[in-house]
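Below: the structure, in structure tokens.
The values are calculated or read from the model by the stated rules, or taken from the named source; none is laboratory data. Since we're looking at a predicted model, the values are computed, not measured. Neighbour counts run over all protein chains shown; Cβ positions are idealised from the backbone, glycine included. All accessible areas refer to the heavy atoms of the entire protein, side chains included, with ligands and DNA or RNA removed. Shrake-Rupley method; radii C 1.70, N 1.55, O 1.52, S 1.80 Å.
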Amino acid sequence: MANSIKNHSRYGFIDTLKGICCLLILTHHLAFYGPMSDAAYSLIPGVIDFLFEYGRMAVSVFLVIGGFLTGQIICKPNVFVKKSVTEFIWSKYLRLVIPYLAAITLAIICSFIASRWMQHSSLSASPDPAQLTSHLFLLQNLLGYESLSAGLWYVEIDFQLFLVSLLLVFLIEKLSPTSWSYARTHAISMGGITALTIASLFIFNLNETLDTTFLYFFSSYGLGVLVAYIAKEKSSYFLLFLLSDMVALSLYLNFRMRILISLITAIALCITYQQQWINARIWANPIASLGKMSYSIFLVHFPISLLFSALFSNLYPHNPEMNLLGMGLSAISSLIFAAVFYRFIEQRNTTHPK
């Protein structure tokens, strides 16, 4: 691996992917949660249908990227010598939860204001202490509480996936005989990640009752971890071929578009990383700039959209053109507010990519 890649804390290709995908998630939520999209539907039915049905598929890309970045951490030799496992977990928790709690506060305020103007299923009731506590510990969906904003489930799942991946590698390294080489121990660790990924692909990901747990989503996240490992190996294309065959078999047995997108993303990450295209000049673009603050966009866009939904549904309840304008203004305002949120909350909290 070239040092020019090894020493980068951010990757332009990944930021570009994240920028595209966070815009898809933002517009998916505008299409999914009315009432503006309901009123504007007659103008752009195909676009709204597409965003409603397929915009959410962008989550698969985020899952693979998350696994890839985690894989880059756990694939380093003696990673737990330089930093303890509890330090990794606490650092990850703080990076996620401080902006997340600020966004929850924003969501509660915006939902309260919007409820004065409209009644809609997208609005959340005032939270009770137990619900707030479940959000604080990223357990709301596991414990059956209503999420206080759209998409917060992903933060919970992301933390679960990171925690499981990290602990799996840590325990294998900790329990391995001291006489074993790093290469042997690490191969066993990656074997554990592979086994969990296969189990998710062929079993857990087929059971939608598990979609509040890491088991359901490890099919995508595990692919990211594995291609981070594969990209560092000399026999990478052979290993990538074997991994692709495994996923192809699972798709042949039970086709899922989100898994196909995960596979394509994993292959793209592996190839661009190994061929040193991951920081090519083409990725220094405005979309990549959005990708850098994708977590902030992800957190704040829905509360902002509630305010616009309340305003435009009140002023123009049956006007398609004005509600389409409201959707556009909501998206632009969300990006502007996210930039402020990123600068003063997320960026102050961490200098590491999500």
**OP:** Return the pairs, sorted by first residue and then second, in which the second residue is surrounded by 13 or more Cβ atoms within 10 Å (Cβ to Cβ) and not in a helix (DSSP H, G or I), the first residue lies in the range 241-270 and is touching a residue at least 60 places away in the same chain (Cβ under 8 Å), the beta carbons are less than 8 Å apart, and the residues are 6+ apart or on different chains.
**Re:** Leu269/Ala231; Leu269/Ile278
Subject >> Single residue of the range 80-130 satisfying the filter (part of a helix (DSSP H, G or I) and of a type in the set (Ser, Thr, Tyr)) that is most open to solvent (accessible area, probe 1.4 Å) >> reply: Thr86
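For the range 138-170, how many residues meet the condition of being over 18 Å from the mean Cα position of the chain (by Cα), buried (at least 17 other Cβ atoms within 10 Å of the Cβ) and in contact (Cβ under 8 Å) with a residue 40 or more places away in the chain? It would help to see each step written out before you state the result.
So the first thing to find is which residues in the range 138-170 are over 18 Å from the mean Cα position of the chain (by Cα), and the list is 143-146, 167-170.
Next, only the ones that are buried (at least 17 other Cβ atoms within 10 Å of the Cβ) stay: 145, 168-170.
Narrowing further to those that are in contact (Cβ under 8 Å) with a residue 40 or more places away in the chain: 169-170.
Going through the range 138-170 one residue at a time, the tally reaches 2.
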Original post:
Given the conditions (1) open to solvent by less than 50 Å² (accessible area, probe 1.4 Å); (2) part of a loop (DSSP other than H, G, I, E, B), which single one is not true for Arg10?
Top reply: (1)
Subject >> Residues satisfying the stated conditions in the range 252-287, i.e. closer than 12 Å to Ser220 by Cα and not in a helix (DSSP H, G or I) >> reply: Arg256
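Looking only at residues that are surrounded by fewer than 19 Cβ atoms within 10 Å (Cβ to Cβ) and in a helix (DSSP H, G or I) in the range 171-184, which one is modelled with the lowest pLDDT?
Looking only at the range 171-184, we keep the residues that are surrounded by fewer than 19 Cβ atoms within 10 Å (Cβ to Cβ), and these are 171-172, 174-184.
Now restrict to residues that are in a helix (DSSP H, G or I): 171-172, 174-175, 182-184.
Working: Leu171: 94, Ile172: 92, Lys174: 88, Leu175: 89, Tyr182: 78, Ala183: 82, Arg184: 88.
So, considering only residues that are surrounded by fewer than 19 Cβ atoms within 10 Å (Cβ to Cβ) and in a helix (DSSP H, G or I), the one modelled with the lowest pLDDT is Tyr182.
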Original post:
Among the residues of the range 39-91, which ones are at positive phi and modelled with pLDDT of 95 or more?
Top reply: none
Original post:
How about the range 269-301: which of its residues are of a type in the set (A, V, I, L, M, F, W, C), surrounded by fewer than 18 Cβ atoms within 10 Å (Cβ to Cβ) and closer than 15 Å to Gly19 by Cβ?
Top reply: Ile282, Ala284, Ile287
**OP:** Go through Leu94, Leu69 for me and flag whichever is farther than 24 Å from Ile261 by Cβ and in contact (Cβ under 8 Å) with a residue 12 or more places away in the chain.
**Re:** Leu94
